[in-house]
Each structure stands twice: as C-alpha cells, then as structure tokens.
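Below is one structure, written out as structure tokens, with a few remarks after it.
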Amino acid sequence: MKESRRLLGLVRSVAPYAAVAVVAVALAFTRPDWEIAMWSQAAAFAVIILGLNVVVGHSGQFSLCQSAFAGTGAYLTVILAVDHGWSFVPTLPVSAVVGFVLGFVVGLPALRIKGHYLTMFTLGLAVSFPPLIRRFPELTGGANGKIMVLQWPVPAWMPASLSQPGWIFLVIVVFAILLFAGTHNLVTSRVGDALRVTRTNDLVACSVGVDPARARVLAFAVSGALGALGGSLLALATGVVSPESFGLFPALLIATGLILGGVGRVAGSAIGGLAVVFLPYWTADVTSGPAANVVYGLILIVLMFVAPGGLVSIAGRLRGRFTAKRRGLESATAA
Amino acid sequence: MSIIALINPDITTFNAFGQTVIDGLAAGALYALLAIALVTAYRAGGQLNFAQGEFATLGAFLVFWILGSGVGIVLAMLGAMALSFVGGAVVERTVIRPSINRSWYSSLVVILGILLTVNALDAVIWGTSDVGGLDVVPHKVWVLVSGSPDLHVTSAMVSSWVALLVLVALLMLGLNRTRLGLAYRAVSSNRESSELVGVSAARIMALGFGASAAIGTIAGVLVSQQFDVLDFNLMLNVLLYAFAAAAIGGFDSIGGAVVGGVIMGVIGAVIPNVFDFVGSGLSPVVAMLTIFVVLLVRPQGLFGSEKVVRA
C-alpha cells in the first residue's frame with residue numbers, strides 16, 4: 001500500500017517532464033527547421049523566466065534585470081566558444097557561476113531595503129547592459145553583436161532524419177528539463193519555504209530561524225545563475241548575440257512572460273517562455289514593431305485585472321470548479 | 001596605473017573643466033524637474049512611477065503636436081500640461097489605483113504596462129526617428145570666459161534653471177500656503193488619518209498624479225530643447241538620472257530632489273568627461289551605480305523623512 005503510493009507520487013512528479021520530453025522529440029522530428037528554432041528559443045526563455053520567478057514569485061521582490069543576467073550568460077558562452085574554442089557544454093558551469101555571483105551583487109541592496117526601491121536599481125541595470133556591452137567592442141563585438149558558429153553536428157547514434165536545429169533543440173530541452181526539475185526541488189525544499197516566509201513577514205521569518213535579508217540576496221543569486229544559464233541556451237538557439245537583445249525592452253518582455261504564465265508557479269515559467277517567443281510571432285500577422293509593444297503593454301495591464309496569477313491560475317481556477325480543492329494562488333500571492 | 005594616467009588630458013584646462021561643470025549643472029536642472037515629478041506622484045500615492053519618463057515624453061510630443069497647428073510655444077506648453085494633468089489623473093484613478101490591492105506586484109506591473117504602452121504609442125504616432133528638438137526660448141550663447149573652448153552658457157540652460165526655480169517656488173507656496181497643499185501634505189503623511197478629518201485622499205492621489213504628469217511635461221520639453229532631440233526614447237536615460245536624484249534626495253522631499261538633481265547632473269557630466277575609459281556611452285551606468293551606492297549606504301537618502309522599509 002505504502003509502496004504503491006510512493007510509486008504514484010514518483011510518477012506524478014516525473015510525468016510532466018516526461019510529457020514535455022515526448023512532445024519535444026515529436027516536434028524535433030516533424031516540424032520545419034525555422035519553427036524548431038523558435039521552440040528552442042522558447043525553451044531557453046523558459047529557463048530565463050524560471051530564474052525571474054525565483055526572485056519575484058518566491059522571495060517577493062520585483063526584478064527587471066533578468067535580461068542583463070541572460071545577456072551575461074549568452075555573451076560568456078559566445079565569447080568562450082568563438083574566441084577560445086570551447087565546446088558548448090563546458091561554458092554552462094562558467095555561465096552559472098558568473099550569473100550567481102552577479103545576482104548576489106545585484107541583490108546586495110536587499111540587505112538594507114525592501115520593496116520597489118530595489119526594482120529601481122534593477123531597471124538601471126537593464127538600461128545599462130547594452131551600453132556596457134558596446135563599450136568593449138574588441139571583446140563583445142560592440143554594437144554589431146557576435147555570431148556563434150558552433151560545430152556540433154548531429155551525433156551518429158541519432159536517427160538520420162533528425163536535422164541540425166532538431167538536435168540543438170533536443171539538447172536545449174534536456175538542459176531546460178534538468179533546470180526546471182532542480183528549481184522545482186529547490187523551491188519546494190526548506191530553502192523555498194525560507195524564501196516565501198520572507199515574502200509574507202520578516203518577523204515571522206526571524207522567529208522560524210530564517211534571516212530574511214540573506215534569503216532575499218540568495219534569491220537574487222539563484223535568479224542570476226538561472227538567467228545566465230538560460231542566456232547561454234538562448235545563444236545556442238539563436239547563434240547570435242547583440243546588445244539590444246538584452247536591454248530594457250527585452251527585460252519588460254521577459255517580465256510579461258512571467259506574469260502571463262503565472263508568478264510563483266514552475267509551470268507558469270514554461271508557459272511564459274512559449275509566450276515570449278510565440279506571442280510576437282502571432283501578433284506579427286496583425287501588427288509589428290512598436291505597435292506590438294502596445295499590445296504587450298495592454299496585456300500586462302489587463303492581466304492584472306483579469307488574472308493577476310497568470311494563465312496557470314486560470315487553469316487552477318477551472319480545476320477548482322470540479323474538485324472543490326482550491327489551491328488559491330491569489331490568496332497566497334496577495335499576502 | 002596611477003590615477004593621473006586615467007584622466008582625460010583635454011579636461012585639465014580651466015575652461016574645459018568649467019564647461020563640463022556648467023553642462024552638468026544645466027542637465028541637473030532637468031534631472032531635478034523630473035525627480036520633482038517622481039516625488040510628487042510618490043507622496044500622493046506611494047508609488048514609484050516607472051512610467052514617469054514616458055509621461056514626460058508624451059507631454060513633449062503633445063507640445064510638438066499642438067505647435068503644428070500654429071499656436072505659440074507658451075500656449076502649446078500650457079495646453080500640453082493641461083492634457084497631461086487630466087491624463088495623469090484619469091490613469092491614476094481608473095487603472096493604477098484599482099490595481100493596488102489585487103496582489104503585491106499588480107500596481108507595479110500595471111505601471112510597467114503603461115511604460116511599454118505609452119513608449120510604443122509615441123513611436124506608432126510620431127515614428128521612431130528624431131523629429132527635432134523643441135525650442136522654448138530663442139537660441140543664444142553667452143561667453144563667460146573666452147578661450148578654447150569658450151566657457152559659455154546657453155539660453156536653453158538658463159531657461160531650464162528659471163523653470164526649475166519658479167516651479168519650486170510655486171510648489172512651496174502651494175504646499176505650505178493653500179488648503180489644497182495642506183490636504184496633500186496630510187495625505188502624504190498619513191492617508192487614513194487625513195480621511196478622518198475630511199480630506200478626500202482619493203481626490204488628492206489623482207490630483208498628485210495629474211500634477212506630476214504636468215511637471216513631467218515641463219521636464220520633457222526642456223530636455224528636448226537642451227539636448228536638441230525629440231524621439232520616443234527621449235527620457236529613458238533622464239528617468240534613470242531622476243531616479244538617482246530622487247533616491248539621493250530621499251524620495252519625499254522636493255528640496256532633496258533639487259539637490260539630488262544637481263549632484264547627479266554634475267556627476268553625470270564630470271565622470272565620463274574626466275575619466276576617458278568611462279566615456280559618454282556609459283552615462284546610464286553612472287546613474288545605475290549611484291542608485292546602487294545610495295541604496296546600500298543610505299537608503300533613506302539625504303533628506304528623506306519617511307523611512308524606507310528595512311529588510
């Protein structure tokens with residue numbers, strides 16, 4: 001009896017990842033290359049948003065500099081791969097460590113302040129990232145960006161029908177699944193509890209042995225690491241990096257993805273990644289350029305009135321209708 | 001490497017350095033104006049208005065639009081300020097305030113949505129390229145000390161400072177000598193208690209937001225004049241400097257915003273000019289690092305009375 005219950009629990013926790021893997025394999029073998037490239041970017045953005053979710057959704061601090069973390073990871077990977085001949089995978093630990101340290105430094109003011117003041121600083125960082133990249137053209141390629149020609153052919157043990165973009169997509173999905181599972185474990189562990197208790201009340205946090213300031217800085221460090229890793233994956237997906245793709249407006253787009261998917265929910269980050277890539281694609285049929293930004297701006301505003309918990313919360317609400325088991329996201333985030 | 005080696009050799013003459021400081025003071029007046037707009041909105045509603053820069057850009061474009069119908073600059077500015085005032089108050093009343101209690105992040109997200117929408121709307125209506133700077137006063141240059149380069153001030157710089165000083169004087173009079181100003185100060189110090197003595201906090205919040213949008217319009221027009229540019233990203237860097245100025249000043253003090261603006265103006269002009277390796281491209285970085293240091297060392301700013309919530 002107990003054995004079977006444990007088995008059921010394992011199946012339930014692995015099932016979503018297995019489902020994603022199956023869908024990814026199906027996509028990689030059946031869809032045209034240009035569309036697979038978009039799925040790759042969506043998976044990379046999902047990881048970037050996952051990082052933002054740790055700091056916003058769990059520690060309750062609104063950050064706008066996830067684009068800068070992603071840009072750091074993306075540039076690191078491209079520079080190491082192009083100028084120093086590294087293969088892709090070894091650049092990931094470097095990216096993670098640098099992202100972690102950068103996130104830690106960015107989070108330092110959280111030791112002393114709380115609330116939207118820190119958001120002001122992260123906005124500054126998002127605006128500052130492109131000029132910083134342009135300032136060192138010999139390293140970063142300056143305003144023109146940098147192209148990554150990666151020699152990573154489809155391995156021989158893969159079926160011959162798998163295309164090059166399909167292979168890259170599968171690689172990105174494997175890393176994304178690992179990072180999602182790892183982050184899910186982190187936020188459901190004691191560390192996650194510590195982050196969430198600081199969101200509600202500092203005194204309560206102290207009384208259960210959590211140092212709220214340290215927890216807040218840690219959340220930034222983790223979001224920096226995940227953002228940089230997502231950026232590295234994004235560089236692999238697009239094969240090109242440029243300063244403007246990691247400025248303030250990409251940061252706002254990433255935040256839109258997070259909000260649209262669902263703040264504080266791991267599944268919401270995955271939906272957010274899809275939204276960041278496919279929403280501009282769909283709106284491009286109707287409108288593009290600045291007019292598309294009007295649409296995203298309005299989406300943000302309307303969402304806050306219709307579903308502040310994002311699309312995941314709508315799914316949860318529908319399920320609540322049937323099971324009467326409310327997992328009230330609103331009540332949890334309103335605190 | 002000694003510090004001397006890092007210094008730009010062209011800046012060591014009196015005129016060159018003096019001009020940098022004058023340019024900085026002139027920019028500081030603009031930062032102070034936008035910082036006052038931020039402070040006005042913050043004191044009324046407790047919100048950091050990340051969309052303040054976009055309100056100001058829209059205001060400057062409104063002036064540009066009204067000028068197109070052939071009226072003078074003064075009428076155009078008054079018209080744009082009136083429109084901004086009404087727009088700001090309506091947006092506060094209908095969009096921002098109803099969002100405040102929906103979740104802890106909803107008002108911030110709504111403001112970011114407004115930032116994105118207004119920025120893109122400007123680009124949709126007036127295009128993405130520069131339409132040319134606005135002129136409030138005729139362009140004149142007064143040479144103070146001749147040489148190479150001349151130490152000079154321009155009419156644009158003077159007009160920015162005059163606007164700032166007049167605005168501060170009017171605000172001080174309005175806040176300290178009128179019933180409306182008293183009500184505003186009451187709401188900003190304690191919303192609940194002010195309701196108890198019959199002040200409509202809701203009305204004050206809308207008024208404060210409207211006033212901040214109107215002040216922002218002045219800032220937008222003068223930025224456009226002084227930097228001789230008007231495009232949809234006019235205020236992005238200026239907003240960052242205004243945030244830094246307001247942070248230095250303490251976010252709820254108008255005098256603090258002026259002092260912070262002057263400090264940021266001088267820092268923003270002197271550092272990139274004196275240190276070659278910084279250069280003008282990194283000016284947002286200077287503002288970002290200033291905010292970082294202020295938050296880390298003195299989060300309540302130099303003149304802030306209300307305390308920032310401590311972690």
Within the set of pairs 6 or more residues apart or between chains, which connect a residue that is among the polar types (S, T, N, Q) inside the stretch A:121-135 to a residue that is in a helix (DSSP H, G or I) with Cβ atoms less than 7 Å apart? A:Thr122/A:Val106; A:Ser128/B:Pro284; A:Ser128/B:Val285; A:Ser128/B:Met288
Just to confirm my filter: which helices (runs of 4 or more DSSP H) fall fully inside the stretch B:116-231 and include at least 3 residues that are among the aliphatic types (A, V, I, L, M)? B:155-177, B:179-189, B:201-227
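With within 14 Å of another protein chain (Cβ to nearest Cβ), charged (D, E, K, R) and farther than 24 Å from B:Met205 by Cα as the only criterion, which of B:Asp122, B:Asp135, B:Asp130 stands out?
B:Asp122
Kindly indicate the residue of the stretch B:87-97 that is over 17 Å from B:Gly53 (Cα atoms) and in contact with a helix residue (DSSP H, G or I) (Cβ under 7 Å, 6 or more places away or on another chain) and also farthest from the other protein chains (Cβ to nearest Cβ) among those meeting that condition.
Per the stated criteria, the residue is B:Arg93.
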Provide a single number: the residues in the stretch A:242-284 that are surrounded by 24 or more Cβ atoms within 10 Å (Cβ to Cβ) and of a type in the set (Ser, Thr, Tyr). 2
Quick one: how many residues across the stretch B:247-259 are in a helix (DSSP H, G or I) and either more than 26 Å from A:Gly247 (Cα to Cα) or modelled with pLDDT of 95 or more (or both)? 7
With the requirement that a residue be within 12 Å of another protein chain (Cβ to nearest Cβ) and within 17 Å of B:Asp23 (Cα to Cα), what does the stretch B:265-277 give you? B:Pro272
Can you tell me which of (1) within 14 Å of chain A (Cβ to nearest Cβ); (2) within 11 Å of B:Leu239 (Cα to Cα) is the one B:Ala56 doesn't meet? (1)
Taking the stretch B:241-281 only, how many residues are in contact with a Ser or Thr (Cβ under 8 Å, 6 or more places away or on another chain) and closer than 22 Å to B:Ser129 by Cα? 0
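The values are calculated or read from the model by the stated rules, or taken from the named source; none is laboratory data. None of these values were measured; they are calculated from a predicted model. Every residue, glycine among them, receives a Cβ derived from its backbone with ideal geometry; neighbour counts consider all protein chains shown.
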